[in-house]
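**Q** Quick one: the structure is below, questions incoming.
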Amino acid sequence: MTRTLDEWLAYQERVNVRSIELGLDRVRAVWERMGAAAPARRVITVGGTNGKGSTVALLESMLKAAGQRVGCYTSPHLLHYRERVRIDGADASDDALIASFERIESARGDIPLTYFEFGTLAALDLFSRAALDVAVLEVGLGGRLDAVNIVDADAVIITTVDLDHMDWLGPDRDSIGGEMAGIARAGRPAIVGESDPPQGLLGALERIGARVERVGEAYFVEPVAGGGWRWRHRDGTSWLLPNPALAAPVQYANAAAAIAALRSLQAVDAVMGGLNLEKAASAGLRAVHVAARLQSLGGDPELVVDVGHNPQAARALAQWLDAHPGGQVHAVYGALSDKDVGGVIRALGARIDHWHLAGLERDTPRGLPVSVLLDQLLLAFPDARHDLHDDVSSALAAARKAAKPGERVLAFGSFFVASAVLSESAGASSA
């Protein structure tokens, strides 16, 4: 009997009792049974703690501006599973995903794939059938043992390395960076987008034999008086570019890493070598869009939604708030159990005038109850103004009611928070 897409996704959650099971043997075995066809002429894999989704979107926008046919695999999704697989700018259809899941199921036999591994194989399968110029793959967790690493990427980007998923990746930046380095390949470019990367990352890349291009050494991000910015390479290349359409100062680093990766491929790919990448980068920076990355949903008070969920992302949020002062900030915040809630709260500090804390245990078994968020908030800021809510919807309603014109509501902390806010906003706009 044919399953619907929702039925397939529910089935995948039952096939493997572990929601996360790192390792490549199982997923590689199924991929090889399916023929292990190349997903595209060239593959770029993007890893890192934060900035992966934005960097994928920047690569996609620049490549599309250059006339390339691009496939992107990202996770998690915000509103619908189809978002995870995009081909030539369009989300995969239900029918295409279902057909791919049926092929995977036929090939896997008794191999117990995880939900993420099913999705990864589906993306590779659909990409291989789409005659792509470039496939861009986002790492789900870490790198070395993540399912996307069954593909030998032509170039990789590692955006940032910070403390997240420590139960899986290790207790410090060095060990986490070493895991992330595993997506690189000998003799192929590895773009390091962080100015102060841990030695564990750099040492692992050296042992692999990757051709490292590091921001601040191989390429540079330079502000320009009067607007725009300059991307400059040590080989003498210098481009004056428009500001990214994405908010947040960190997007310059993401854009610069994306440009470095594309330029590195021009040296080895005749088709890409003929592209006017400077022109494509300019057009791509103006056109790029990705949901829930400091996305303003408008209104007065303004509603801003962001998927930032760890201390590094919270520091970027704090930097953005400092650069965009205004009225009081009302935060809608929810988090998962494996996140450093205290670190997130401390990073934002007194920039938040009123916390509307939301429990997420109804959304996912990993969701934290609101009482845990409160304990962490009061530990850091005993006098913080706060309200407690059972879910994101009630927290958002309370924050919007409390905020006055000229003030801001900032919803962040998890993809579950962003998804709930975007869903509610879409429902309100269509009503």
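**Q** Restricting attention to segment 337-364, and to residues there that are touching a strand residue (DSSP E or B) at 6+ places or on another chain (Cβ under 6 Å) and farther than 21 Å from E302 by Cβ, which single residue is surrounded by the fewest Cβ atoms within 10 Å (Cβ to Cβ)?
**A** E361
**Q** Condition check: in a helix (DSSP H, G or I), under 22 Å from G53 (Cα atoms) and in contact (Cβ under 8 Å) with a residue 24 or more places away in the chain. Does A316 satisfy that? Talk me through it step by step, then tell me what you get.
**A** Numbers: in a helix (DSSP H, G or I): yes; under 22 Å from G53 (Cα atoms): yes; in contact (Cβ under 8 Å) with a residue 24 or more places away in the chain: yes.
Judged against the criteria, A316 is a match.
**Q** Which residue, of A96, A123, A130, is touching a strand residue (DSSP E or B) at 6+ places or on another chain (Cβ under 9 Å) and buried (at least 24 other Cβ atoms within 10 Å of the Cβ)? Working first, answer last.
**A** Working: A96 fails: buried (at least 24 other Cβ atoms within 10 Å of the Cβ); A130 fails: buried (at least 24 other Cβ atoms within 10 Å of the Cβ).
When all the criteria are applied, what remains is A123.
**Q** Counting only residues that are crowded, with 24+ Cβ neighbours inside 10 Å and within 22 Å of K339 (Cβ to Cβ), which one in segment 170-187 is farthest from the chain's Cα centre (by Cα)?
**A** Taking the candidates together, the pick is G178.
**Q** Sticking with this structure for a sec: Pull out all pairs, ordered by first then second residue, where Cβ-Cβ is under 6 Å, the residues are six or more apart or on different chains, the first lies in segment 266-280 and is without any contact (Cβ under 8 Å) to a residue 12 or more places away in the chain, and the second is surrounded by 18 or more Cβ atoms within 10 Å (Cβ to Cβ).
**A** Q266/M272
**Q** Yes or no: S54 within 23 Å of L277 (Cβ to Cβ) and touching a Pro at 6+ places or on another chain (Cβ under 9 Å)? Please lay out each step first, then the result.
**A** Working: within 23 Å of L277 (Cβ to Cβ): yes; touching a Pro at 6+ places or on another chain (Cβ under 9 Å): yes.
Taking the combined requirement at face value, the residue satisfies it.
**Q** Of these, L379, L396, L388, L373, which one is assigned to a strand (DSSP E or B) and at pLDDT 95 or above?
**A** Sole residue among the options that is assigned to a strand (DSSP E or B) and at pLDDT 95 or above: L388.
**Q** Being surrounded by fewer than 17 Cβ atoms within 10 Å (Cβ to Cβ) and either of a type in the set (K, R) or in contact (Cβ under 8 Å) with a residue 12 or more places away in the chain (or both) is the filter here, so list the residues in segment 81-93 that pass it.
**A** R82, D88, G89
**Q** Considering segment 319-338 alone, what residues qualify as being among the acidic types (D, E) and in contact (Cβ under 8 Å) with a residue 40 or more places away in the chain?
**A** Let us first name the residues in segment 319-338 that are among the acidic types (D, E), namely 322, 338.
Across segment 319-338, the qualifying residue is only D338.
**Q** Output the residues belonging to segment 244-292 that are small (G, A, S), touching a Ser or Thr at 6+ places or on another chain (Cβ under 7 Å) and part of a loop (DSSP other than H, G, I, E, B).
**A** Of the residues in segment 244-292, the ones small (G, A, S) are 245, 247-248, 253, 255-258, 260-261, 264, 267, 270, 273-274, 280-284, 287, 291-292.
Going one step further and asking which of them are touching a Ser or Thr at 6+ places or on another chain (Cβ under 7 Å), we end up with 257-258, 284, 287.
Answer for segment 244-292, where residues must be small (G, A, S), touching a Ser or Thr at 6+ places or on another chain (Cβ under 7 Å) and part of a loop (DSSP other than H, G, I, E, B): there is none.
**Q** A further question on this structure: Scan G349, G343 and give me the residue that is free of Cβ contacts under 8 Å to residues at least 40 places away in the same chain and either of a type in the set (D, E, K, R) or not assigned by TED's automatic domain parsing to the domain that holds L163 (or both). Show your work before the answer.
**A** On the way: G343 fails: free of Cβ contacts under 8 Å to residues at least 40 places away in the same chain.
Exactly one of G349, G343 is free of Cβ contacts under 8 Å to residues at least 40 places away in the same chain and either of a type in the set (D, E, K, R) or not assigned by TED's automatic domain parsing to the domain that holds L163 (or both), namely G349.
The values are calculated or read from the model by the stated rules, or taken from the named source; none is laboratory data. Given the structure is predicted, the values throughout are model-derived calculations rather than measurements. Note that we place each Cβ from the backbone using ideal geometry, even for glycine, and neighbour counts take in every protein chain shown.
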